[in-house]
1. Would you mind ranking 95, 3 so that the residue whose beta carbon has the fewest other beta carbons within 10 Å leads the list?
2. Can you sort 66, 46 from fewest to most other Cβ atoms within 10 Å of each residue's own Cβ?
3. With both bridge residues required to lie in the range 2-120, what share of the DSSP beta bridges run antiparallel, to the nearest 5%?
4. For a footprinting-style exposure proxy, rank 23, 114 by other Cβ within 10 Å, fewest first.
5. What is the list of residues in the range 41-78 whose amide nitrogen lies under 19 Å from a point 7 angstrom out from the Cα of residue 14, following Cα to Cβ?
């Protein structure tokens, strides 16, 4: 939702924005799958957010294939936001390759953003290093701010 709000605040005076979010898990329901496909066909930009190491579920791949075929000839873009949790450059994965190939087949622009998220320890031993303070128990139990990075995580 942060991406949506940033786009609206920066370009809201020039463009009309609306948002519809669909979790991959609901695509198993035929009626909801159809509704999500209609939203994607109507959208100028479709954003897929997923952890880079995760493969797209088969139901999501099928959903993408169905609606994207109806986008041929339309000006539109497929945006992939891939969360990457290791240091360095994220290698091209199956998800990235699938989405890039799909966009190319149907004539959609493809934009990729790999987001590096540092791994954060959730626990504290309380021993620390000399001169350091142990993590307070309430902080050790609090999940990092990136725990729910995307709705499909």
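What follows draws every value from the coordinates through simple rules; no lab data is involved. Note that the structure is predicted; figures quoted are calculated from it, not measured. Neighbour counts run over all protein chains shown; Cβ positions are idealised from the backbone, glycine included.
1. 3, 95
2. By the 10 Å Cβ count, ascending, the order reads 66, 46.
3. Rounded to the nearest five, the antiparallel share is 0 percent.
4. By the 10 Å Cβ count, ascending: 23, 114.
5. Taking a point 7 Å out along Cα→Cβ of residue 14, the residues of the range 41-78 whose backbone N falls under 19 Å are 44-46, 75-78.
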